[in-house]
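The values are calculated or read from the model by the stated rules, or taken from the named source; none is laboratory data. Bear in mind that the values here come from a model prediction, so they are computed numbers and not experimental data. Here Cβ is always computed from backbone atoms with ideal geometry, including for glycine, and neighbour counts include all displayed protein chains.
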Amino acid sequence: MLKNTILFSLLALSLSGCVGLNTVSMTQIPAERENKITTAASSWNFIGINFSNAFVDEAIDNLKAQCPTGKIEGVYTKHQTTGYLLVFKREVIVSAYCNEV
């Protein structure tokens, strides 16, 4: 019985997570808001040690790919971290408007 309780407790701890909002930024919202584009990119790390921030470049490239001939305006970015026991997921979520020039 004790063994099952300990295993269930460890399973519950490993599946639960805590989300922390690190930063939010927003540029001026344009008058034309018809073509909304969004993207997200993430990176996993162990015990909070970050080796690279390249996932942010991936989010920027994905945003540019959705608006190849237009102008990206009204950019809203959110950087959040979700912690699971000893593993952390850093995530950047970006939304913007693609307006033709």
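Which residue, of THR5, THR38, is over 19 Å from LEU86 (Cβ atoms), within 21 Å of the chain's Cα centre (by Cα), of a type outside the set (A, V, I, L, M) and at pLDDT 80 or above?
Exactly one residue qualifies, and that residue is THR38.
Criterion first (of a type in the set (Ser, Thr, Tyr) and either more than 30 Å from ALA31 (Cα to Cα) or free of Cβ contacts under 8 Å to residues at least 12 places away in the same chain (or both)) does THR77 satisfy it?
No: the conditions fail for THR77.
For the chain, which fully contained strands (runs of 3 or more DSSP E) count at least 3 residues that are surrounded by 12 or more Cβ atoms within 10 Å (Cβ to Cβ)?
Passing ranges, in order: 36-46, 70-84, 87-100.
So if I check each of ALA59, ALA40, which one is among the hydrophobic types (A, V, I, L, M, F, W, C) and touching an Asp or Glu at 6+ places or on another chain (Cβ under 7 Å)?
Values: ALA59 fails: touching an Asp or Glu at 6+ places or on another chain (Cβ under 7 Å).
ALA40 is the lone residue from the list that is among the hydrophobic types (A, V, I, L, M, F, W, C) and touching an Asp or Glu at 6+ places or on another chain (Cβ under 7 Å).
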